[in-house]
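A.B. asks: Following this message is one structure expressed as structure tokens.
The values are calculated or read from the model by the stated rules, or taken from the named source; none is laboratory data. From a predicted model like this one, the values you see are computed outputs, not experimental measurements. Every residue, glycine among them, receives a Cβ derived from its backbone with ideal geometry; neighbour counts consider all protein chains shown. The area values use the complete protein model at the heavy-atom level, side chains included, leaving out ligands, DNA and RNA. Shrake-Rupley method; radii C 1.70, N 1.55, O 1.52, S 1.80 Å.
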Amino acid sequence: MKVKTVSLAVVLSLISYNANAKEFVLTDTEKNIAKGNWSISNQDLGVNGNKFTIQNTVLKGGKQDGTELLTISSDDFTIKLIPTRGLGILSVVGDGVRMGWDSPVDEVVNPKYINLESRGGIGWLDGFNEMMVRCGFEWTGHAAQADGMMYTLHGRAQNTPVSKLIVDISDKTPHTITVKGLIKENTFKKSNLETWVSLSYVPGSKEFTVHDVVTNKSDYTRDYQIIYHSNFGTPILEEGAKFVAPVKEISPFNDYAKGGLNTWQTYLGPTKGFDEMVFNVYPFADTNGQTQVMVTNKAGDKAAGIAFNINQLPVLSLWKNTDTLKQGYVTGLEPGTSFAYPVTIEREQKRVRQLEPGQSTEFTLTYSLLSNKDAVTKYAEKIKAIQGEQQTKVVNEPMAKE
Amino acid sequence: MKVKTVSLAVVLSLISYNANAKEFVLTDTEKNIAKGNWSISNQDLGVNGNKFTIQNTVLKGGKQDGTELLTISSDDFTIKLIPTRGLGILSVVGDGVRMGWDSPVDEVVNPKYINLESRGGIGWLDGFNEMMVRCGFEWTGHAAQADGMMYTLHGRAQNTPVSKLIVDISDKTPHTITVKGLIKENTFKKSNLETWVSLSYVPGSKEFTVHDVVTNKSDYTRDYQIIYHSNFGTPILEEGAKFVAPVKEISPFNDYAKGGLNTWQTYLGPTKGFDEMVFNVYPFADTNGQTQVMVTNKAGDKAAGIAFNINQLPVLSLWKNTDTLKQGYVTGLEPGTSFAYPVTIEREQKRVRQLEPGQSTEFTLTYSLLSNKDAVTKYAEKIKAIQGEQQTKVVNEPMAKE
Amino acid sequence: MKVKTVSLAVVLSLISYNANAKEFVLTDTEKNIAKGNWSISNQDLGVNGNKFTIQNTVLKGGKQDGTELLTISSDDFTIKLIPTRGLGILSVVGDGVRMGWDSPVDEVVNPKYINLESRGGIGWLDGFNEMMVRCGFEWTGHAAQADGMMYTLHGRAQNTPVSKLIVDISDKTPHTITVKGLIKENTFKKSNLETWVSLSYVPGSKEFTVHDVVTNKSDYTRDYQIIYHSNFGTPILEEGAKFVAPVKEISPFNDYAKGGLNTWQTYLGPTKGFDEMVFNVYPFADTNGQTQVMVTNKAGDKAAGIAFNINQLPVLSLWKNTDTLKQGYVTGLEPGTSFAYPVTIEREQKRVRQLEPGQSTEFTLTYSLLSNKDAVTKYAEKIKAIQGEQQTKVVNEPMAKE
């Protein structure tokens, strides 16, 4: 490390956390640390290889007041994370292709301005605009009044500011960057789920890995659910865009989705009045449980792929929200432990999992930005290989009525 | 402009926004600008004419923590605006006369501490103390549970921090000051109303104009409602104070108000147990739709007037809250598109308007501080002229039951 | 006062508030003062006697973002107060003994991140981890839907940031430190209770006094309730720990508590599945109404005592939450005007008090940390003397059903 190139801020950080010279603690509620505006680059660190910058910015004004936005930039690849919103992923852009979408919610809303119980439990929609939202972990799915309480839409994790935020940069080439955050869903008597969420990125590459570890810190067995609500709009989504996946079984989420069951593999262009169609998908996987799915544009030269393991995430919600551009033209590829039904239905149908006292579980998803025909084709071939000769079972009736 | 008299802060601001040397962007969420504490004066700008100062202050402590207060001061005239609360008007004082009132809520409450759904949907009352509150725009009126949600009292606009805040000072004499704010009522799938609200003031004058433009940014037809809840207490309101307006029709809001129908033109002094009486008023207007209303003290030498257009704002709620001083002794003159009934009733009675996709609508109201007999008399004469020989229809029964 | 030893910050503070050289206004919403990070010590003030430091710290990160924590430290005695949470007491530690407990909620949660209405009105549990929480004052007790609203669990005071925060250090030996805060429960038309809460501590001692004055600032008679929810875990609470009090009458809060009625005087160790048992206690008092209660460890050499007056606080809830350590192993000794039933039941049973317009009422409680056998024994003897020959009436049935 060439000390000369290190800024004062970096030196101070290193002094504070010299246990690991490349670990930067940006937030730690136990130590009352919250650095706020902060940045570091490969130059600051004196490391070779692909250039990168990591910048944490405190947003200001409107309903984004105080929200932190952490941006990882490398050669033509930018990942925006939101520590104040459960380290969700706002957007990813590379090679002129954006993974993400345009929501009418165009600020990165601080949870302090969100009431999850509003509008009958769907206040979550006041902040929803991310490429990837963790829907969980205490519960997820559509809002439901049950057990004397409101299970608000898609749970609390995304509207929880992280209690710890750590940036780790590997000493060794290729200097993998890992951003870790701790989400505490702690309520006296009710919940003590703590989740280390993380995103790892190798500078110069076009993919990144999300790795989350959920731990039940309580002494009681507790339910958990998770849906990785991963959302893609233009330029990948367009008329004729395709959902490509190794599908074992697909069924409509509700009666409305029955009408789109024959065309589940393709997308409409922006369509006024379309609202949303959701399909419940059970993917095929390889012998290790590994699978991958993709949404690709019509020409097949721009796509977003997600690889995951069906032992961790056995189901996938396919959310086709091909409404108008202004309404939010977007599709969700949503690997999960649950479908998007209310927790009451998910419980009945035995998709709500449990963690024993002290038990942890983990989820790993690799997101790929595929920005040329070759990359898309290779990704599709792997999907095809997983499907192999196996048939897709198309079920005509929804598995539940809300 | 004499550069010598310009402070460093001003110079920096001018450098940043030199497209218009007299436009100051205090907040812009898109550019991550939020200046917070800031001020400028005619001296700073080197402009002649009436003196003025514009100051933006970030309040601290209690439930006002982080709330911005923007004060425009000229010769014996002070307007306090609240950017963090939808650019509502806290109070106006001139010539020793105050337009505004004393609420038991004596802090300028940051919306982050307000839950609009509390107490059965009336959490809005936890922050209500302004001279002018925008009740709208997605909905307004009394709280109602309908459509699977709670329509909270008087909507969300007032508890929304503005996403943009701009101070514009005209280059030309008399150097009109305009403060503009952008209120976003954006919720995925539900609402995409964006409203530019503004207040314009000519230094040295005793009046100001509110001009709001509401735009439906969505691709769907959407409802909107607005009530300009304009509130006046002492010293204008007192025993024997008068409500002066060209009234086409007046009716009691509910059965309780029937008892006050005969004395709708005058006010009681602070009266324990009075609570509130509301009257629904349809004003007369001139051939252009222009009308004006006023509340004046008993002697007729202190008054507050509001001029507006009934094509924009066809109805007026007259809110007589002549309860005790500590309880909030106040009257509301409330031009609106709707009365204060819940949205469910307003829909039935066809007062809920709609905006087509991309459509805008606007509202203009001029508020006058009348601080001497002559000014009050002239204002009253104009009201009388609008009424002319036309009769006021007094309807004995409320038009709806809540 | 030796000026030489005074820091610049202190000098400035003294200049600002020279009416009383030893009064420091840390927060005052009326004057827009909020000092945030601040500290003072006996050295700064040049006063002799026992050393002390008073430090106010703004916490950062996670859900504690912006929360103020005020710490009073003297020789081996540390009191942590939370101005942002109604000046509740987070914990007290002295002689290696902690008054307080370990909640799964391990951050000092800013009320801006709390929705009291969540989970059916028990959002209060998202922040509950203090040694002493004021449950009140507009209402207290278990959540209840009534009167068209949700009376949320234990009221609003604890989730209200103080509007004024004053540190007062007596000029005279022993330089008593008093920290005062103003809690405003102000809602237009509904509530205007303002409470000056305070804690006084004599440096070097092992006890402190809470003195609160609740005032009904409105012109209407208003209800009030208060429970001083005082909570103790390890090391005082353990298997064989004892609740020692002069008890006139004890009854189970509900059917579940019937099972623990025979052993109300002792505690279990951490017990999985125990959840909580609550007992309703009417204490005996001396001729002045003064009484005191205590929880002591098994060996009787560590205890926490509370002295109060039954004319102010006639009832006591004994909350035995001897569940597992991680679940929150804790007991509450809770002097109050009410038991913990919902306000609806408390009203029926005539325990909800009222304040006339302008009327104030006050509550004084002295908390003692008893860190050796002698201190515990003396405290117990006084309790025994209050009980005297009087019998404890054990009532087998709960006084109400929720």
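A.B. asks: Could we say that B:Asn159 is within 13 Å of chain A (Cβ to nearest Cβ), modelled with pLDDT of 95 or more and crowded, with 24+ Cβ neighbours inside 10 Å here?
C.D. replies: In short, yes.
A.B. asks: Here is a further query. Looking at C:Thr84, C:Thr78, can you tell me which residue is crowded, with 21+ Cβ neighbours inside 10 Å and of a type in the set (S, T, N, Q)?
C.D. replies: Just a single option satisfies the conditions, and that option is C:Thr84.
A.B. asks: For the range B:374-402, give me the residue count where each residue is over 22 Å from B:Val278 (Cα atoms), outside any loop (DSSP other than H, G, I, E, B) and open to solvent by 100 Å² or more (accessible area, probe 1.4 Å).
C.D. replies: 4
A.B. asks: Anything in the range B:223-239 that is touching a Gly at 6+ places or on another chain (Cβ under 8 Å) and open to solvent by less than 20 Å² (accessible area, probe 1.4 Å)? List them, or say none.
C.D. replies: B:Tyr224, B:Gln225, B:Ile226, B:Ile227, B:Tyr228, B:His229, B:Ser230, B:Asn231, B:Phe232, B:Gly233 - these are the residues of the range B:223-239 that are touching a Gly at 6+ places or on another chain (Cβ under 8 Å) and open to solvent by less than 20 Å² (accessible area, probe 1.4 Å).
A.B. asks: Tell me the residue from B:Val213, B:Val244 that is open to solvent by 20 Å² or more (accessible area, probe 1.4 Å), farther than 30 Å from B:His175 by Cβ and out of contact with any Leu (no Cβ under 6 Å at 6 or more places or on another chain), please.
C.D. replies: It is B:Val244.
A.B. asks: Pull up the range A:98-137, narrow it to residues that are open to solvent by 20 Å² or more (accessible area, probe 1.4 Å) and more than 26 Å from B:Gln145 (Cβ to Cβ), then point me to the one that is nearest to the other protein chains (Cβ to nearest Cβ).
C.D. replies: Ranking the qualifying residues of the range A:98-137, first place goes to A:Asp106.
A.B. asks: So is B:Leu70 open to solvent by less than 10 Å² (accessible area, probe 1.4 Å), touching a helix residue (DSSP H, G or I) at 6+ places or on another chain (Cβ under 8 Å), in contact (Cβ under 8 Å) with a residue 60 or more places away in the chain and hydrophobic (A, V, I, L, M, F, W, C) or not?
C.D. replies: yes
A.B. asks: Let me ask you something else. A:Thr291 - would you say it is part of a loop (DSSP other than H, G, I, E, B), polar (S, T, N, Q) and under 26 Å from A:Lys373 (Cα atoms)?
C.D. replies: The answer is no for A:Thr291.
A.B. asks: Out of the residues in the range A:167-182 that are of a type in the set (Val, Ile, Thr) and open to solvent by 20 Å² or more (accessible area, probe 1.4 Å), which is farthest from the other protein chains (Cβ to nearest Cβ)?
C.D. replies: The qualifying residue farthest from the other protein chains (Cβ to nearest Cβ) is A:Thr173.
A.B. asks: Take the residues of the range B:24-81 that are part of a loop (DSSP other than H, G, I, E, B) and within 14 Å of chain C (Cβ to nearest Cβ): which is farthest from B:Pro203 (Cα to Cα)?
C.D. replies: Selected residue: B:Gly61.
A.B. asks: Follow-up. Answer yes or no: is there a residue in the range B:349-365 that is free of Cβ contacts under 8 Å to residues at least 24 places away in the same chain and away from every other protein chain (no Cβ under 14 Å).
C.D. replies: The answer is yes; a qualifying residue exists.
A.B. asks: List the residue pairs whose Cβ atoms are under 7 Å apart, where the first residue sits in the range C:24-46 and is under 16 Å from C:Ile72 (Cβ atoms) and among the charged types (D, E, K, R), the second is outside any strand (DSSP E or B) and open to solvent by 40 Å² or more (accessible area, probe 1.4 Å), and the two are 6 or more positions apart or on different chains.
C.D. replies: C:Asp44/C:Thr5; C:Asp44/C:Ser7
A.B. asks: Only one residue in A:Ala307, A:Ala299, A:Ala303 is more than 19 Å from the chain's Cα centre (by Cα) and more than 22 Å from A:Met399 (Cβ to Cβ). Which one?
C.D. replies: It is A:Ala299.
A.B. asks: Which numbered condition in (1) among the charged types (D, E, K, R); (2) farther than 24 Å from B:Val394 by Cα; (3) away from chain A (no Cβ under 14 Å) is the only one that B:Lys217 fails?
C.D. replies: With respect to (1) among the charged types (D, E, K, R); (2) farther than 24 Å from B:Val394 by Cα; (3) away from chain A (no Cβ under 14 Å), B:Lys217 is out only on (3).
A.B. asks: Here's something else I'd like to know. Among the residues of the range C:138-150 satisfying the criterion of being at the interface with chain B (Cβ under 9 Å from one of its Cβ atoms) and either without any contact (Cβ under 8 Å) to a residue 12 or more places away in the chain or open to solvent by less than 20 Å² (accessible area, probe 1.4 Å) (or both), which is farthest from C:Ser368 (Cα to Cα)?
C.D. replies: Residue satisfying both the conditions and the ranking: C:Gly148.
A.B. asks: Among all residue pairs at least 6 apart or on different chains, which show Cβ distances below 8 Å where the first residue, located in the range A:292-318, is without any contact (Cβ under 8 Å) to a residue 40 or more places away in the chain and the second is β-branched (Val, Ile, Thr)?
C.D. replies: A:Ile310/A:Thr291; A:Pro314/A:Thr337; A:Val315/A:Val281; A:Val315/A:Thr337
A.B. asks: Sticking with this one: Which residues, counting only those in the range B:197-208, are away from chain A (no Cβ under 14 Å) and open to solvent by less than 40 Å² (accessible area, probe 1.4 Å)?
C.D. replies: B:Ser198, B:Leu199, B:Ser200, B:Tyr201, B:Pro203, B:Gly204, B:Ser205, B:Phe208, listed by residue number.
A.B. asks: Quick check: anything in the range A:201-210 part of a loop (DSSP other than H, G, I, E, B), more than 22 Å from C:Tyr113 (Cβ to Cβ) and among the hydrophobic types (A, V, I, L, M, F, W, C)?
C.D. replies: yes
A.B. asks: Of the residues A:Thr271, A:Thr291, A:Thr266, A:Thr287, which single one is open to solvent by 50 Å² or more (accessible area, probe 1.4 Å) and closer than 26 Å to A:Asn396 by Cβ?
C.D. replies: Answer to the selection: A:Thr266.
A.B. asks: Of all residues in the range C:244-265, how many are part of a helix (DSSP H, G or I) and either touching a residue at least 40 places away in the same chain (Cβ under 8 Å) or not β-branched (Val, Ile, Thr) (or both)?
C.D. replies: Summing the residues that are part of a helix (DSSP H, G or I) and either touching a residue at least 40 places away in the same chain (Cβ under 8 Å) or not β-branched (Val, Ile, Thr) (or both) in the range C:244-265 gives 6.
A.B. asks: Another question, if that's okay. Take the conditions in contact with a strand residue (DSSP E or B) (Cβ under 6 Å, 6 or more places away or on another chain), in a strand (DSSP E or B) and open to solvent by 10 Å² or more (accessible area, probe 1.4 Å) and apply them to B:Glu185. Does it pass?
C.D. replies: no
A.B. asks: Considering each of C:Gln327, C:Gln312 in turn, give the residue that is assigned to a loop (DSSP other than H, G, I, E, B) and either modelled with pLDDT of 95 or more or within 14 Å of chain A (Cβ to nearest Cβ) (or both).
C.D. replies: Being assigned to a loop (DSSP other than H, G, I, E, B) and either modelled with pLDDT of 95 or more or within 14 Å of chain A (Cβ to nearest Cβ) (or both) holds for just one of C:Gln327, C:Gln312, which is C:Gln312.
A.B. asks: Right, another one. Is it fair to say B:Val93 is farther than 20 Å from C:Gly123 by Cβ and either open to solvent by less than 20 Å² (accessible area, probe 1.4 Å) or facing another protein chain (nearest Cβ under 8 Å) (or both)?
C.D. replies: No: the conditions fail for B:Val93.
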